[in-house]
1. Quick one: Leu166 ticks every box in (1) in contact with a strand residue (DSSP E or B) (Cβ under 6 Å, 6 or more places away or on another chain); (2) at pLDDT below 95 bar one, so which box is it?
2. Can you say whether Ala169 is of a type in the set (Gly, Ala, Ser), assigned to a helix (DSSP H, G or I) and touching a residue at least 60 places away in the same chain (Cβ under 8 Å), as far as the supplied structure shows?
3. Taking Ile163, is it out of contact with any His (no Cβ under 7 Å at 6 or more places or on another chain), in a helix (DSSP H, G or I), free of Cβ contacts under 8 Å to residues at least 60 places away in the same chain and closer than 23 Å to Leu58 by Cβ?
4. From the list Glu127, Glu111, Glu196, which residue is of a type in the set (D, E, K, R) and in contact with a Cys (Cβ under 9 Å, 6 or more places away or on another chain)?
5. What's the number of the condition Ile141 fails, among (1) touching a strand residue (DSSP E or B) at 6+ places or on another chain (Cβ under 9 Å); (2) at pLDDT below 95; (3) farther than 20 Å from Ala33 by Cα?
6. Just one of (1) closer than 30 Å to Gln395 by Cα; (2) in a helix (DSSP H, G or I) trips up Ile3, so point out which.
7. Could you tell me whether region 67-87 includes any residue that is within 21 Å of Glu125 (Cβ to Cβ) and either at pLDDT 95 or above or in contact with a strand residue (DSSP E or B) (Cβ under 6 Å, 6 or more places away or on another chain) (or both)?
8. Go through Ile369, Ile358 for me and flag whichever is out of contact with any Ser or Thr (no Cβ under 9 Å at 6 or more places or on another chain) and either modelled with pLDDT under 95 or closer than 21 Å to Asp309 by Cα (or both).
Amino acid sequence: MDITITPSGLSGSVKAIASKSQAHRLLICAAFADNPTELLCSQTNRDMDATADCLNALGAKIIRTSSGYQVTPLLQIPKTAQLRCHDSGSTLRFLLPVAGALGVDATFVLEGRLPQRPLSPLWEEMERMGCRLSRPTAETIRCQGRLRAGDYVIDGGVSSQFITGLLLAATRMSGVSQLHLTGKVESRPYIAMTQEAMALFGCYSQEYHITGGVPFHSPGRVQVEGDWSNAAFFLAAQALGNYVTVQNLNIRSAQGDRTVQQLLPALKENTVINAADTPDLVPILAVVAACNQGAAFTGIRRLRLKESDRVASVIAMLTALGGKAEAAEDTLTVYGTGLTGGIVDSCNDHRIAMSAAIAATVCKQPVTILGAECVEKSYPQFFDEYRRLGGSYEQYLR
């Protein structure tokens, strides 16, 4: 689906959708619990459903309800399983170690750019600790054997998702495990989110020290909090002069992207932002920077490994809209040129598509977004909300 937006302002109130990051973690913890759990999460997306479907394949029973998910924990763990991750990096990286800890002969089926996204050094550490990993095809990964408890050593600078996966997996191992993180640990807030979710189910990890084999205790009902990552788009619209407010956000959340509250005001001046802990904010912050005095984003190395090469796709988006940006190895520089309009290829990246749509509110000429359906990955209702707030667009099926 392609859409063409006629520039206009937005006005009204938006309720932040449920946090995808928190939902992944809560679904997995609920699958480990001693009793069923109700996750209150009225709006879901493709990535959440991928995690739910994969947990079903591992022996849980997760049903989508009108209010979220009803999770019946793992009953009988299968000997073999096929786990369809679609293009969800969180699903793969969280559940690959979990499958290893459960001893399931699991085949993970990958789509989109997911087969190209890195799994090292998680891959090597899992093999050192008892699993056998292979790639039967370019789109599949097979995990055999069983992870053992012990001392795990992993570079903390590649992906916090590896650390989350090992933390969750360690709870299913028989014995005590310790995670030793080397290098510069990035995206620490996401690790904190994992520990917070585990603690909600009675499992506490002090300094990445885990006693495995202990049952999780279901709290019965859990509310998934509002998502700062996706709320950032409408908060950015507000910063660009639109009369938009966002509700359902926890200002004390462990979500790293809540720093958007401080970053948006900072973009009124030319500034330097370290994006190492909040890489998902860069596309929309780059739009705001282009409409102000510009900015330099450092710590962008991992942006090249997202749903698209987000360094290249952000530059392409801004250039297509009449702006200017350039990148060095670990810095993205955005110039305060303003934006006029144009044709943006989403590169099948939900954050590029939504950023371009918000940019259209301050453009003088129409903005066409190619492949706009990619927003279904995280925010299926985005364009419905956009129109409800006064946005005007036409959509075209290819």
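The values are calculated or read from the model by the stated rules, or taken from the named source; none is laboratory data. Given the structure is predicted, the values throughout are model-derived calculations rather than measurements. Cβ coordinates were reconstructed from backbone atoms using ideal geometry, including for glycine residues, and neighbour counts include every protein chain displayed.
1. Leu166 satisfies all of (1) in contact with a strand residue (DSSP E or B) (Cβ under 6 Å, 6 or more places away or on another chain); (2) at pLDDT below 95 except (2).
2. Judged against the criteria, Ala169 is a match.
3. Details: out of contact with any His (no Cβ under 7 Å at 6 or more places or on another chain): yes; in a helix (DSSP H, G or I): yes; free of Cβ contacts under 8 Å to residues at least 60 places away in the same chain: yes; closer than 23 Å to Leu58 by Cβ: yes.
Answer is yes for this residue.
4. Going through Glu127, Glu111, Glu196 in turn, the sole match is Glu111.
5. Checking Ile141 against (1) touching a strand residue (DSSP E or B) at 6+ places or on another chain (Cβ under 9 Å); (2) at pLDDT below 95; (3) farther than 20 Å from Ala33 by Cα, the one that fails is (2).
6. Here Ile3 meets the rest and fails (2).
7. Yes.
8. Checking each option against the conditions leaves just Ile358.
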